[in-house]
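Q: To start, I am sharing the structure in question, which I have written as structure tokens.
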Amino acid sequence: MIEQTLATEDFLAEATEGVARKKELLCKYFYDEKGSQLFDKIGELDEYYLTRTELGIMSTNAVESAEQLDRNVKLVEYGSGSSIKTRLLLEVLET
């Protein structure tokens, strides 16, 4: 219980500082289930264009990217979140 209280206090202090000064949260808070859901929601915001841009690039280039890979390729994705972009490539590789 004490550890959880300290973790909550750490989170509150770090989140308050990050949002007040830099408008950011430390990435370590995005690695659990709730954090992943939050990140997915952030990615849907108009202000957060990065996910849409990456998805557009992957959609446009998935076939060409897959053609550059050997059919027996081993794909390793570190920290892919919901894996939307990775799934695009995998779908092309499976065809």
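What follows draws every value from the coordinates through simple rules; no lab data is involved. Predicted, not measured: the structure shown is a model, and the values here were computed from it. Glycine gets a Cβ as well: all are built from the backbone with ideal geometry, and neighbour counts include every protein chain shown.
Q: Based solely on its DSSP helices, what 222 nm [θ] is calculated for the chain when runs of n ≥ 4 H residues each add -39,500 (n - 2.57) and the sum is averaged over all residues, nearest 500 deg cm²/dmol?
A: The helix-only estimate for the chain comes to -19000 deg cm²/dmol at 222 nm.
Q: Just going by the charge dipole of the chain, with Lys and Arg at +1 and Asp and Glu at -1 on Cβ, which of V76, G35, L25 is farthest out on the positive end?
A: Most positive-ward Cα: V76.
Q: How would segment 31-95 be classified by its alpha-carbon gyration tensor: rounded, prolate or oblate, with rounded meaning a/c under 1.5 and the a/b versus b/c comparison settling the rest?
A: In terms of gyration-tensor shape, oblate.
Q: What lysines sit close enough to K23 to cross-link, taking a C-alpha to C-alpha distance under 27 Å and skipping anything fewer than 8 places away on the same chain?
A: K34, K41, K85
Q: Mind pulling the angle between the C-alpha long axis of helix 33-43 and the longest principal axis of the chain? Nearest 10 degrees, somewhere in 0 to 90.
A: 70 degrees
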